[in-house]
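The values are calculated or read from the model by the stated rules, or taken from the named source; none is laboratory data. As the structure is a prediction and not an experimental result, all values here were calculated from the model. Glycine gets a Cβ as well: all are built from the backbone with ideal geometry, and neighbour counts include every protein chain shown. Accessible surface areas use protein heavy atoms only, side chains included; no ligands, DNA or RNA. Shrake-Rupley method; radii C 1.70, N 1.55, O 1.52, S 1.80 Å.
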Amino acid sequence: MATAASPHSLMLKTPSTAAAAGSRTAFPVATRLPATAPKPISIKCAAATTQVQDPRPPAPAAAQERIFNFAAGPAVLPEKVLLKAQSELYVWRESGMSVMEMSHRGKDFTSIIQKAESDLRALLEIPPEYAVLFLQGGATTQFAAVPLNLCHPDDSVDYIVTGSWGDKAFKEAQKYCKAKVVWSGKAEKYTKIPSFEDVQQDPDAKFLHICANETIHGVEFKDYPVPKNKGGILVADMSSNFCSKPVDVSKFGVIYAGAQKNVGPSGVTIVIIRKDLIGNAQGITPVMLDYKIQAENASLYNTPPCYGIYMCGLVFEDLLEQGGLKEVEKKNKKKAELLYRAFDESKGFYRCPVEPSVRSLMNVPFTLEKSELEAEFIKEAAKEKMVQLKGHRSVGGMRASIYNAMPLAGVEKLVAFMRDFQARHA
């Protein structure tokens with residue numbers, strides 16, 4: 001006995017068969033197609049349309065000229081790193097898949113995160129008594145995580161505030177302990193760093209906190225204060241100068257940094273912590289902010305920012321290939337000196353408000369003598385393929401962030417443009 005045909009099967013029959021089945025739809029008579037290159041085939045039915053796609057990746061588009069990106073973060077990445085990531089994007093080595101598709105508990109990603117940690121330890125010469133954590137939430141989340149892990153609600157904590165980020169860290173810590181500002185540069189618009197002898201630290205404080213480089217105000221510690229608390233614990237937010245120069249990690253209890261300025265894309269936060277400081281979190285500490293849980297699970301308590309960690313690993317490889325952080329620092333000093341010299345030789349046309357002895361090698365704020373020209377400066381620079389030179393919204397003016405990956409050619413082009421702009425507008 002014949003079974004009733006479904007609407008879908010009727011539509012897939014030949015026109016004559018469909019008509020015989022009582023279809024009211026008139027189907028055009030098929031004609032012979034010319035012999036051309038094969039195209040994706042569309043199979044239509046009443047319920048859905050399915051397109052059969054060529055599984056091969058599309059051919060790469062023509063390369064576009066890259067600009068010089070002076071953004072404060074997310075920021076410029078090394079071209080060598082980007083090209084390697086591009087070559088491995090579709091299939092990573094022999095895995096048969098992209099890093100973005102990997103299980104974070106599989107052997108392939110395990111090798112990636114372990115290599116990233118190993119290379120970072122080599123770069124910074126991190127002692128074995130320190131743990132390295134790859135976390136999420138940005139350095140801003142660490143403003144809470146640090147006091148939650150290192151002290152109790154009634155404990156005193158000292159903060160040296162040299163800019164906006166140090167101030168935000170202090171304000172967040174007030175929620176979890178008795179945080180106190182022992183020095184602030186706010187009255188002088190965050191343009192200097194104090195003499196350490198002038199800072200009155202509390203010997204009973206659980207730790208002393210600094211922001212090693214203020215991204216907005218362009219103030220950088222060239223040396224570090226010695227904590228006078230009983231545990232000798234110094235905590236530093238190094239987000240914007242992380243891996244830009246050698247650092248004696250043993251001077252610190254905790255170093256934390258958002259990756260998106262010097263070592264990777266946004267989404268990864270790196271914490272380097274002395275192991276004896278782990279395991280004392282307050283009871284209210286969220287599980288994701290508990291250093292003990294993160295350390296015991298090798299940063300894999302939940303799914304980490306896998307691709308971001310992979311990118312950080314590529315950057316660490318590149319920094320090692322350059323000769324390590326001593327060589328990287330030499331390049332950064334050369335770039336910064338070139339730019340600051342241009343300010344100093346402009347006879348006041350360009351002005352950097354920061355005290356010369358603590359000018360940042362990474363973030364260079366400046367203004368024009370004629371502030372009404374600043375918008376034009378930014379506009380003309382963009383036409384010359386130099387972008388993100390506008391200062392932070394809280395302070396105005398201009399800012400050139402010249403991180404590790406900014407080539408010397410980018411700074412040379414900016415300085416040449418500055419001199420030309422001055423000649424035309426002085």
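The test for being more than 20 Å from Cys211 (Cβ to Cβ) and buried (at least 16 other Cβ atoms within 10 Å of the Cβ) does not hold for Gly323. Among the residues here, Val411 does not qualify as in contact with a Cys (Cβ under 8 Å, 6 or more places away or on another chain) and under 19 Å from Leu77 (Cα atoms).
Among the residues of region 68-114, write down those that are in a loop (DSSP other than H, G, I, E, B) and among the small types (Gly, Ala, Ser).
Step one: filter region 68-114 for residues in a loop (DSSP other than H, G, I, E, B), giving 70-78, 89-98, 102-106.
Correct list: Ala71, Ala72, Gly73, Ala75, Ser95, Gly96, Ser98, Ser103, Gly106.
Of everything in region 139-191, what is assigned to a helix (DSSP H, G or I) and small (Gly, Ala, Ser)? Give them in sequence order. Full working, then the answer.
Taking region 139-191 and keeping what is assigned to a helix (DSSP H, G or I), we get 139-150, 164-173, 186-188.
Listed by number, the residues that qualify are Ala139, Ala144, Ala145, Ser164, Gly166, Ala169, Ala173, Ala187.
Count of region 178-193 residues, restricted to those that are closer than 15 Å to Ile216 by Cα, without any contact (Cβ under 8 Å) to a residue 40 or more places away in the chain and either over 27 Å from the mean Cα position of the chain (by Cα) or surrounded by 19 or more Cβ atoms within 10 Å (Cβ to Cβ) (or both), is 3. The set of residues from region 341-353 being in contact with a strand residue (DSSP E or B) (Cβ under 6 Å, 6 or more places away or on another chain) and either of a type in the set (Asp, Glu) or open to solvent by less than 30 Å² (accessible area, probe 1.4 Å) (or both) comprises Phe343, Tyr350, Cys352.
Please enumerate the residues belonging to region 79-94 that are within 9 Å of Ala405 (Cβ to Cβ) and crowded, with 20+ Cβ neighbours inside 10 Å. I'd like the intermediate steps shown before the answer.
First, pick out the residues of region 79-94 that are within 9 Å of Ala405 (Cβ to Cβ): 79, 81.
Matches in region 79-94: Val81 only.
Scanning region 269-322 for residues that are charged (D, E, K, R), in a helix (DSSP H, G or I) and more than 28 Å from Ala85 (Cβ to Cβ) yields Lys275, Asp276, Lys292, Glu296. If you go through region 222-244 and pick out every residue that is assigned to a loop (DSSP other than H, G, I, E, B), buried (at least 20 other Cβ atoms within 10 Å of the Cβ) and not small (Gly, Ala, Ser), you end up with 7. Among the residues of this structure, Leu120 counts as one that is surrounded by 15 or more Cβ atoms within 10 Å (Cβ to Cβ), out of contact with any Lys or Arg (no Cβ under 8 Å at 6 or more places or on another chain), in the same structural domain as Val247 (by the TED database) and in contact (Cβ under 8 Å) with a residue 24 or more places away in the chain. For region 95-106, which residues satisfy the criterion of being surrounded by 11 or more Cβ atoms within 10 Å (Cβ to Cβ) and farther than 28 Å from Asn241 by Cβ? Listed by number, the residues that qualify are Ser95, Met97, Ser98, Glu101, Met102, Ser103, His104, Gly106.
Looking across Ile309, Ile402, one residue alone is under 21 Å from the mean Cα position of the chain (by Cα), within 20 Å of Tyr190 (Cβ to Cβ) and in contact (Cβ under 8 Å) with a residue 24 or more places away in the chain. It is Ile402. Taken together, the criteria place Lys175 among residues that are open to solvent by 20 Å² or more (accessible area, probe 1.4 Å) and over 20 Å from Gly231 (Cα atoms). Considering region 132-153, the residues that are open to solvent by 10 Å² or more (accessible area, probe 1.4 Å) and of a type outside the set (A, V, I, L, M, F, W, C) include one that is farthest from Tyr176 (Cα to Cα), namely Gln136. Being surrounded by fewer than 20 Cβ atoms within 10 Å (Cβ to Cβ), of a type outside the set (A, V, I, L, M) and at positive phi is a property that Lys379 lacks.
Please work out which residue is farthest from Val328 (Cα to Cα), limiting yourself to region 349-375 and to residues that are outside any strand (DSSP E or B) and without any contact (Cβ under 8 Å) to a residue 40 or more places away in the chain.
Keep residues of region 349-375 that are outside any strand (DSSP E or B), which gives 349, 352-358, 360-362, 369-375.
In the following step, the residues that additionally are without any contact (Cβ under 8 Å) to a residue 40 or more places away in the chain were identified as 356, 369, 371-372, 374-375.
Working: Pro356: 21, Glu369: 33, Ser371: 34, Glu372: 37, Glu374: 31, Ala375: 33 Å.
Of everything passing the filter in region 349-375, Glu372 is farthest from Val328 (Cα to Cα).
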